[in-house]
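Novice: The structure is given below, and queries will be raised subsequently.
The values are calculated or read from the model by the stated rules, or taken from the named source; none is laboratory data. If you're wondering where the values come from, they're calculated on a predicted model, not measured in any experiment. Here the Cβ is made from the backbone with ideal geometry for all residues, glycine too, and neighbour counts use every protein chain on show.
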Amino acid sequence: MTKWFKVGKIVNTHGVRGEVRVIATTDFEEERFAIGATLYLEQQNTDERIPLVVASHRKHKNFDLVTFEGYHNINEVESFKGALLKVSEEQLGELDEDEFYYHEIIGSAVVDEKGETIGKVKEILSPGANDVWVVQRKNRGKDLLVPYISDVVKDVNVAEKIITIHLMEGLE
């Protein structure tokens, strides 16, 4: 059975020429939204995935604006609002060492260098130069924000879903 991975969510239309506003959930926007790339539209309450071929892509504020081949006006894409854009497992490329897909990190246990459990990664933010992993703590209310930098993240074991971090001063 094919596994599917979310790369974005269509949050609105943009203009009248069939452009949609996407909040990307991928580090590989240039690849995923490249002209000619195929994405699969999955609407709420359905298992059906509609293949869409990217016709154009541009950045606008915090959004990716995308058009699809064969969809030329707002009326044709209006129903896409709220839908997810996905890729199949076969579309995932090989990564370099120290590169990870979001689905490999989210849900991983986070431990300190002594092996004590801190919590689990619940989401990944991409605010700027490096990603920030949001860790839901095991025993405290406030989430821990972990910058993905070598001074903090010491080991990522994708197979066992365990991330070892160095709790630098000021991180807590």
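Novice: Would it be correct to say that VAL20 is farther than 15 Å from LEU84 by Cα and touching a helix residue (DSSP H, G or I) at 6+ places or on another chain (Cβ under 6 Å)?
Specialist: Numbers: farther than 15 Å from LEU84 by Cα: no; touching a helix residue (DSSP H, G or I) at 6+ places or on another chain (Cβ under 6 Å): yes.
No.
Novice: Take the range 122-132 and flag every residue that is at pLDDT below 90 and either closer than 16 Å to VAL111 by Cβ or of a type in the set (Val, Ile, Thr) (or both).
Specialist: Once the filter is applied, which keeps residues that are at pLDDT below 90 and either closer than 16 Å to VAL111 by Cβ or of a type in the set (Val, Ile, Thr) (or both), the range 122-132 yields ILE124, VAL132.
Novice: Can you run down the residue pairs with Cβ atoms below 8 Å, 6 or more apart or on separate chains, where the first is in the range 36-52 and loosely packed, with under 10 Cβ neighbours inside 10 Å and the partner is among the charged types (D, E, K, R)?
Specialist: As it stands, the answer is GLU48/GLU42, since those pairs meet every condition given.
Novice: Six or more apart or on different chains, Cβ under 6 Å: which pairs go from a residue in the range 98-119 that's closer than 13 Å to TRP133 by Cβ and assigned by TED's automatic domain parsing to the domain that holds VAL132 to one that's in a loop (DSSP other than H, G, I, E, B) and of a type in the set (D, E, K, R)? Could you list them?
Specialist: Qualifying pairs under 6 Å: SER108/LYS161; GLY119/LYS138.
Novice: A further question follows. In the range 68-113, which residues are more than 27 Å from ASN45 (Cα to Cα), at pLDDT below 90 and exposed (fewer than 15 other Cβ atoms within 10 Å of the Cβ)?
Specialist: Result: GLY93, GLU94, LEU95, ASP96, GLU97, ASP98, GLU99.
Novice: So the check is Cβ under 9 Å with 6+ separation or different chains; which pairs have a first residue in the range 54-66 that's under 10 Å from VAL22 (Cβ atoms) and a second one that's among the small types (Gly, Ala, Ser) and not in a strand (DSSP E or B)?
Specialist: That search, which allows pairs on different chains as well, returns HIS57/ALA34; HIS57/ALA37; LEU65/GLY15.
Novice: Looking at the range 130-163, which of the residues that are touching a residue at least 40 places away in the same chain (Cβ under 8 Å) and assigned to a loop (DSSP other than H, G, I, E, B) is nearest to PHE28 (Cα to Cα)?
Specialist: ASP131
Novice: Also: Say whether the condition of being within 22 Å of ILE23 (Cβ to Cβ) and either among the charged types (D, E, K, R) or in a strand (DSSP E or B) (or both) is met by at least one residue in the range 100-108.
Specialist: Yes: the range 100-108 contains one or more residues that are within 22 Å of ILE23 (Cβ to Cβ) and either among the charged types (D, E, K, R) or in a strand (DSSP E or B) (or both).
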